[in-house]
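This report concerns only the one structure given below.
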Amino acid sequence: MIIVETHPSTDMKLSAQVATSTVLLQIQPRQVRMDSKIRATFKDPAPAYMATFKQDNGKFELRESENLIDVHVGIDIRLFAVDKEHSDREVQQDNWSVWIELLFVLTYGLPPGQIPDEIKNAGFAAFSKLNARLACWPYIRHQANHLASELGIPFVMPTLVLQASREAKPDSPSNP
């Protein structure tokens with residue numbers, strides 16, 4: 001499971017405000033890259049793999065004159081071959097077996113007219129971190145699973161979960 005932490009009242013409210021006024025027009029893979037250090041062997045059994053993930057925070061480009069916003073959703077996945085008996089050991093980040101980098105660009109249509117400053121300053125950032133990532137996640141999972149499968153690696157991309165950040169403070173005094 002991959003967790004995206006969010007401030008429940010602020011991020012979600014702003015993201016929902018943008019989501020209700022936009023239309024998803026296109027999802028386009030911008031970069032799909034895979035490097036492998038795996039060498040063919042007749043050794044049996046195959047090693048187990050441990051994965052690490054690093055996500056970007058959802059960069060966006062506003063194209064106001066066209067009433068469009070492009071949201072970039074990327075992830076860096078590194079798979080490490082581990083001895084099944086010692087899979088609890090910490091891995092060295094530069095000792096990866098397979099490295100997968102994925103970047104998708106989602107294009108959303110915006111309503112015509114002036115965009116409020118609050119939406120420009122914080123709304124699009126929250127939207128790109130939450131909604132766009134959720135919309136793109138099935139495509140990211142498919143691509144990562146496909147690349148690993150082509151190498152014969154038993155890897156399944158985990159699900160994405162939104163979780164309230166631990167530092168979140170309630171906005172209203174009625175919520176303890």
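The values are calculated or read from the model by the stated rules, or taken from the named source; none is laboratory data. Source: prediction; values computed, not measured. We place every Cβ from the backbone using ideal geometry, glycine too, and count neighbours over all the protein chains shown. Surface accessibility is based on the protein's heavy atoms, side chains included, excluding ligands, DNA and RNA. Shrake-Rupley method; radii C 1.70, N 1.55, O 1.52, S 1.80 Å.
Ranked highest first by the average count of other Cβ atoms within 10 Å around their residues, in what order do 98-107, 25-34, 62-71 fall?
Order by mean packing, descending: 98-107, 62-71, 25-34.
Need one value: the accessible area of LYS37 in square angstrom, 1.4 angstrom probe, rounded to the nearest 10.
For LYS37, solvent-accessible area is about 90 Å².
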